[in-house]
Amino acid sequence: MKGLQRVLCLLAGLLLWVSPTLAEAAAATAANGKSPDAFAAALAEMPSVTGASADGWIYYQEYDAASDTAKLMKKKADGSSVQEVKASELLIQPYNYSRMVDYRYADHNMIPASNKPAFIKQLVQNPNAFIIDMIGDSVLYWTGTVKDGVYQSGTIKKATLAGKQPTVVTADNGKIDFASFTIHKNTLFYTVEEGETYALYRVGLDGKNKKKLAGDYYRPVQQMNKTMGPVKYYSMYQRGSITISQDQIVYLNHDEHLVRLTTDGGGKRVLNQAEVSSPFVEGDWLYYSTKANPAAEDWLSSYYYYGPIYKVKLSGGKPVPITKGHSNLVFVKDGWVYYQTEWHELNQRLIRVKTDGTGAQTVLSGLVGDQEFYIRAVFGDWLTYAINDNGEPAGEYRIRLNGTGKTKLSYSAEADVETPADKAQLEQAVKQNYGKYEVPDMLKQTIALEEELREKKMLLGGGLLGPNFAEFGIGYRYESTPIDVIPFALEDWDDEVHYGFLTDFGTVRSLDEAVIVRVTPYEDDPVQIVARNFREFMQLLAYETLGAHYLDTQMSKADYAALQEEAEEVESSLTAKEKDVMRIVRERFALKPIGDVHAYLNQLGKERKQQIAAATEDGLGVVYDGPEADSAKRLAFDFEEYEDGVHRADVKVFFDEASTLDKLAFLRDAQYRYLWEGNSKVIAYLQEQLKAMGLADEANRIAYPEPSEYDDEYEGEGQGEYDDLYESYFGS
């Protein structure tokens, strides 16, 4: 090891003559006893790495539970010398969302301020200034007005490290994108917001030869041009500076076309006319993915199917294909093109080929079922990535770019492993939710089919025909979920929207016969009847393109016709997999089309009106065949009097006089008006009444969602005395 250190130190001395920066990095790694590859592996092991310094320190964020804040820390690559870092110790400005002010976007190399001249330290500590970069014995910095954390107008200046010979480089009208700052050959390149787009500018570091190069700049093309200490670094989520390669600037305009021009603004040329994905520059070549089938009507092909990958000279010319089929470009590094197969394909893979399209190698594979990988970052020759399984974290890893050395990271996030206790708790919650009812066999089969198709990656990240089916525990309820509804599916596009069995306060014999409702929390009319029973609900899903997402028994013919026009557009954009899923569901359950859906809904609404003994504000009504159902005398609760809250004694007065039918109607209307929301005393009283009425299941469900820890019944100073006085007159 000592011999290796001597060699590295000698190498550092030789590099000093060539490049001070490289020399510092080599010397630092030698002193730290770590090769660049080991340093890269150490960076990959960090869960929240911020950067690295030339003297071998790794900087990272660490959450401090005591202060509930993140602290900036540093340590050596071997894990030693852990210590906290003060912001004033570094030439790094804190992140500012107002103008993308973050030196890390330009470079992840952390520069200590301790050995810098007083002027540099003053800039670091000045809240109205920040350092853009240090070039040799000069510093480029911004100074101006910062108001409420927002960088206003200012001036970009250059001076010596001692603060001598300050020169105005350019004025800032408050529209410069700080993340775009790029220095190339003693020239500052940057973009300025102008209307709905950006303009690209250049100016000499001496303040001369300012020039607008382009007015259609949208965003940069990616490039493997960042470093972190002695290693190359690339993040999938980094905001790029202006891309300059071979003295040529490459960017995407607002039409998503690739544009190239020289650094003096000449030779501007659009390199492609087709829509591209993930353009990347290496050397004098530009690489990009194309749309696999731009004319395709289905949404997946229109948005996601990419490939093949092409490359084209920055000087122009005919694009050259590198790959065939679906291949989404990820990055290009050291003569290799890295791309991934589609996320919705079985065994998603990361593959690399040489830039001439030969020598294909699989870097990452072996995923099973619904697993997908997400690439995080590149550190030297190491790649970090995360695996998700059905949307849940399933591990984080690092692997060499040649596909070897796969290692699970120490901070790897894992999906929660269900313990026997967890399973028993869920089973109990489901039993509480279903109460006296059994889970219908058809629902069990539907849940099993959804899991089967998900494992085959046929559901494209969503549920079966839209909704996600499950046996939900009693904890999954909203304030607007009727207490006699048992949820069984969540809408894919909004998991607050759910479908459930309406038991009509326990009067249906089995859930196979229960009406199906859609609950859309926080809407004015949150509950709608959508199907006569579960089987017919599945018929709607299997044949109606929009399923039961927007259907209800109150829908007019005109509204349904407009919905059908939208459905036809959606149907034309269905993927082959989605069509296959609809076919499989139809065949598995022997489902037939309903036919005239509007007539079906209309008839369903008429049947409901005939069944109910009392109308309610939520539109569901009360199905009841007790003796008072035929009575013309009804007792109604005066809800208008209690808009700001109700005391349990008020409810008690009503319940002491009301019939069973009136009580059931009250329960529907009170829930529709959120009368007992968060009111634990009223909830407790209603639980007692429901049990007395033989509705033990509803008594359990009314307690969910659970109210807050405090009782919000008539909140306010002195309320305790009011409650005592009220109860002394009217009872508890």
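The values are calculated or read from the model by the stated rules, or taken from the named source; none is laboratory data. Please read these numbers as outputs of a predicted model, since none were measured by experiment. Because the Cβ atoms are built from the backbone with ideal geometry, glycine has one as well, and the counts that use them run over all protein chains shown.
Restricting to the range 600-615, name every residue that is in contact with a strand residue (DSSP E or B) (Cβ under 7 Å, 6 or more places away or on another chain), part of a helix (DSSP H, G or I) and among the hydrophobic types (A, V, I, L, M, F, W, C).
Leu604
Which one is nearest to Ser412 (Cα to Cα), of the residues in the range 40-80 that are β-branched (Val, Ile, Thr) and in contact (Cβ under 8 Å) with a residue 24 or more places away in the chain?
Applying the filter and picking the extreme gives Val49.
In the set Leu213, Leu271, Leu258, which member is at pLDDT 90 or above and over 22 Å from Asp133 (Cβ atoms)? Outline the logic, then answer.
Numbers: Leu213 fails: over 22 Å from Asp133 (Cβ atoms); Leu271 fails: at pLDDT 90 or above.
Answer to the selection: Leu258.
Against the conditions (1) farther than 23 Å from Tyr287 by Cα; (2) touching a Phe, Trp or Tyr at 6+ places or on another chain (Cβ under 8 Å), where does Phe373 fall short? Just the number, please.
With respect to (1) farther than 23 Å from Tyr287 by Cα; (2) touching a Phe, Trp or Tyr at 6+ places or on another chain (Cβ under 8 Å), Phe373 is out only on (1).
Ala542: touching a Ser or Thr at 6+ places or on another chain (Cβ under 8 Å), farther than 30 Å from Glu479 by Cβ and among the aliphatic types (A, V, I, L, M), yes or no? Outline the logic, then answer.
Values: touching a Ser or Thr at 6+ places or on another chain (Cβ under 8 Å): no; farther than 30 Å from Glu479 by Cβ: yes; among the aliphatic types (A, V, I, L, M): yes.
No: the conditions fail for Ala542.
For the range 180-209, enumerate the residues that are part of a strand (DSSP E or B) and over 23 Å from Asp137 (Cα atoms).
Restricting attention to the range 180-209, the residues satisfying the condition of being part of a strand (DSSP E or B) are 180-183, 187-194, 197-204.
Of everything in the range 180-209, those that are part of a strand (DSSP E or B) and over 23 Å from Asp137 (Cα atoms) turn out to be Thr191, Val192, Glu193, Glu194, Thr197, Tyr198, Ala199, Leu200, Tyr201.
Among the helices (runs of 4 or more DSSP H) confined wholly to the range 492-599, which include 1 or more residues that are touching a residue at least 60 places away in the same chain (Cβ under 8 Å), in contact with a helix residue (DSSP H, G or I) (Cβ under 9 Å, 6 or more places away or on another chain) and of a type outside the set (Val, Ile, Thr)? Reasoning before the result, please.
Working: elements: 534-543, 557-572, 576-589.
Passing ranges, in order: 534-543, 576-589.
May I ask you to list the residues in the range 361-380 that are without any contact (Cβ under 8 Å) to a residue 40 or more places away in the chain, crowded, with 18+ Cβ neighbours inside 10 Å and assigned to a loop (DSSP other than H, G, I, E, B)?
Residue satisfying the conditions is Leu367 alone.
I'm trying to understand the selection: among the residues of the range 245-288, which are of a type in the set (Gly, Ala, Ser), surrounded by 15 or more Cβ atoms within 10 Å (Cβ to Cβ) and over 22 Å from Ile375 (Cβ atoms)?
Ser245, Gly265
Conditions first: (1) assigned by TED's automatic domain parsing to the domain that holds Gln671; (2) modelled with pLDDT of 90 or more. Glu628 passes all but one, so which condition is the exception?
If we test Glu628 against (1) assigned by TED's automatic domain parsing to the domain that holds Gln671; (2) modelled with pLDDT of 90 or more, just (2) comes out false.
Could you list all residues from the range 381-410 that are crowded, with 17+ Cβ neighbours inside 10 Å, under 20 Å from Leu346 (Cβ atoms) and touching a helix residue (DSSP H, G or I) at 6+ places or on another chain (Cβ under 8 Å)?
Scanning the range 381-410 gives no hits.
Here's the yes/no breakdown for (1) touching a helix residue (DSSP H, G or I) at 6+ places or on another chain (Cβ under 8 Å); (2) modelled with pLDDT of 95 or more:
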| site | (1), (2) |
| --- | --- |
| Glu657 | no, no |
| Ser680 | no, no |
| Gly694 | no, yes |
| Ala703 | yes, no |
| Glu713 | yes, no |
| Leu725 | no, no |
| Phe730 | yes, no |
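Within the range 193-209, does at least one residue satisfy the condition of being within 25 Å of Pro308 (Cα to Cα), among the acidic types (Asp, Glu) and out of contact with any Ser or Thr (no Cβ under 7 Å at 6 or more places or on another chain)?
To start, the set of residues in the range 193-209 that are within 25 Å of Pro308 (Cα to Cα) comprises none.
No - not one qualifying residue is present in the range 193-209.
Here is a list: Leu205, Leu200. Which entry is more than 30 Å from the chain's Cα centre (by Cα) and crowded, with 21+ Cβ neighbours inside 10 Å? Spell out how you get there, then give the answer.
On the way: Leu205 fails: crowded, with 21+ Cβ neighbours inside 10 Å.
Result: Leu200 is the single residue among Leu205, Leu200 that is more than 30 Å from the chain's Cα centre (by Cα) and crowded, with 21+ Cβ neighbours inside 10 Å.
Given the conditions (1) within 23 Å of Ser235 (Cβ to Cβ); (2) at pLDDT below 85, which single one is not true for Gln125?
Unmet condition: (1).
Scan the range 677-694 for residues that are over 18 Å from Glu706 (Cβ atoms) and small (Gly, Ala, Ser) and report the count.
Number of matching residues: 2.
Would you check if Lys212 is in a loop (DSSP other than H, G, I, E, B) and outside the structural domain of Leu252 (by TED's automatic domain parsing)?
Working: in a loop (DSSP other than H, G, I, E, B): no; outside the structural domain of Leu252 (by TED's automatic domain parsing): yes.
It is false that Lys212 is in a loop (DSSP other than H, G, I, E, B) and outside the structural domain of Leu252 (by TED's automatic domain parsing).
Mind listing whichever residues of the range 416-441 are closer than 17 Å to Phe469 by Cβ and not in a helix (DSSP H, G or I)?
Tyr437, Glu438, Val439, Pro440
Pairs under 8 Å by beta carbon, first residue closer than 16 Å to Val146 by Cα and aromatic (Phe, Trp, Tyr) in the range 104-132, partner at pLDDT 80 or above and not in a strand (DSSP E or B), six or more apart or different chains?
Correct list of pairs: Phe130/Leu123.
In the same structural domain as Asn173 (by TED's automatic domain parsing), under 30 Å from Ser48 (Cβ atoms) and buried (at least 17 other Cβ atoms within 10 Å of the Cβ): does that describe Ile183? Step through it out loud before you land on a result.
On the way: in the same structural domain as Asn173 (by TED's automatic domain parsing): yes; under 30 Å from Ser48 (Cβ atoms): yes; buried (at least 17 other Cβ atoms within 10 Å of the Cβ): yes.
The answer is yes for Ile183.
Being assigned by TED's automatic domain parsing to the domain that holds Glu345 and assigned to a strand (DSSP E or B) narrows it down to one of Thr404, Thr384, Thr358, so name that one. Steps first, answer last, please.
Numbers: Thr404 fails: assigned to a strand (DSSP E or B); Thr358 fails: assigned to a strand (DSSP E or B).
None of the others qualify; the one that does is Thr384.
Regarding Asp494, is this residue surrounded by 18 or more Cβ atoms within 10 Å (Cβ to Cβ) and charged (D, E, K, R)? Walk me through how you get there before you give the answer.
Working: surrounded by 18 or more Cβ atoms within 10 Å (Cβ to Cβ): no; charged (D, E, K, R): yes.
The answer is no for Asp494.
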